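Structure first, commentary second.
What follows draws every value from the coordinates through simple rules; no lab data is involved. What you see is a predicted model; the values in this text were computed from it and never measured. Because the Cβ atoms are built from the backbone with ideal geometry, glycine has one as well, and the counts that use them run over all protein chains shown.
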Amino acid sequence: MRAFTTHHGVVATLDKANVDTDQIIPKQFLKSIARTGFGVSLFFDWRYLADGSPNPEFELNQSRFMNASILVTRNNFGCGSSREHAVWAVDQYGLRVIIATSFADIFRNNCMKNGLLTIELSDAEVDAIFQKMNKQTVAVEAIVDLEKQIVRISFPQEEMKIRFETEPGVKDYLIKGLDSIGLTLTHEATIAQFELTHNTQLPQ
């Protein structure tokens with residue numbers, strides 16, 4: 001898994017609350033047994049018109065949001081079913097950071113396990129970001145520093161600096177780039193010693 005320390009990227013906004021996993025990656029795209037190719041279908045029903053062309057009304061299709069890797073959205077992002085495909089789609093689209101007022105627990109945990117950072121901010125902080133972003137006509141970039149737990153958004157006339165909280169275990173997990181297998185392998189020597197010395201005989 002990719003380690004997450006500091007990320008520099010373009011910011012996009014999605015002004016919607018309760019975005020569920022069926023909107024993030026609709027059910028018709030869950031048939032694949034591979035873990036690749038989901039990025040093109042992210043937000044499919046909003047992102048494309050019936051003829052398959054990009055929907056000009058959808059926020060992420062705006063030119064200033066092209067190549068965005070940081071998404072700012074509203075509360076309860078990732079609710080609905082527990083499909084991990086939703087996180088794969090987010091990741092394969094190119095997003096590394098999602099900022100919202102709250103996340104569905106399973107979605108947030110799946111993000112962590114795939115090296116994506118979720119940041120919860122207050123309603124006032126998210127509102128302030130939207131107010132400033134809505135005035136922009138060109139791309140806005142930000143730096144997300146997980147070690148210092150700071151988001152720095154660079155607007156043309158000012159920089160918005162916001163501190164965020166994160167669980168120490170999640171922070172360590174992401175900075176070290178450990179997935180569940182990698183975390184287990186940090187104890188490889190102890191496991192190997194146990195395998196050599198434990199009694200394999202079942203009680204009689």
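Just subtract the alpha-carbon distance of ASP15 and MET66 from 0.36 nm times their residue separation and send over the number in nm, one decimal.
Numbers: separation 51, 0.36 × 51 = 18.36 nm, distance 1.65 nm.
So the extension gain works out to 16.7 nm.
Applied to the range 149-159, the Karplus parametrisation 6.51 cos²θ - 1.76 cosθ + 1.60 on θ = phi - 60° returns per-residue 3J(HN,Hα) values of 6, 9, 10, 10, 9, 9, 8, x, 10, 6, 10 Hz, with x for Gly and Pro. Computed extension length for THR137-THR166: 7.3 nm, one decimal, from 0.36 nm per residue of separation with the Cα-Cα distance subtracted.
Computed extension gain for HIS8 through ILE175, at 0.36 nm per residue and net of the alpha carbon distance, reaches 58.6 nm. Note on the range 107-153: dipole from Cβ charges, positive end direction compared against PHE130, LEU146, GLY115; the farthest Cα belongs to GLY115.
Scaled to the globular estimate 2.2 N^0.38 Å, the Cα spread of the chain, given as radius of gyration, is 1.18.
Summed over qualifying helices (DSSP H, 4 residues or more, each -39500 (n - 2.57)) and divided by its residue number, the chain shows a 222 nm mean residue ellipticity of -8000 deg cm²/dmol. Normalising the Debye intensity of the range 71-127 to I(0), with uniform scatterers on Cα atoms only, and taking log10 at q = 0.15, 0.22, 0.24 Å⁻¹ returns -0.37, -0.78, -0.91. Remark: the range 66-71, residue by residue, has Karplus-estimated 3J(HN,Hα) of 4, 6, 5, 10, 10, 10 Hz, where x stands for each Gly or Pro and the curve is 6.51 cos²θ - 1.76 cosθ + 1.60 at θ = phi - 60°. Residues TYR93, TYR48, ranked from the fewest to the most other C-beta atoms within 10 Å, line up as TYR48, TYR93.
Which of rounded, prolate, oblate describes the range 48-157, given a ≥ b ≥ c as roots of the alpha-carbon gyration tensor eigenvalues and a/c under 1.5 marking rounded, otherwise prolate only if a/b is larger than b/c? Could the numbers behind the result be given before it?
Working: a/c = 1.63, a/b = 1.04, b/c = 1.56.
In terms of gyration-tensor shape, oblate.
Shown for LYS16, LYS161, LYS171: other C-beta atoms within 10 Å of each C-beta, ranked fewest to most, produce the order LYS161, LYS16, LYS171. Sorting ARG35, ARG74 by the number of Cβ atoms found within 10 Å of their own Cβ, with the fewest placed first, yields ARG35, ARG74.
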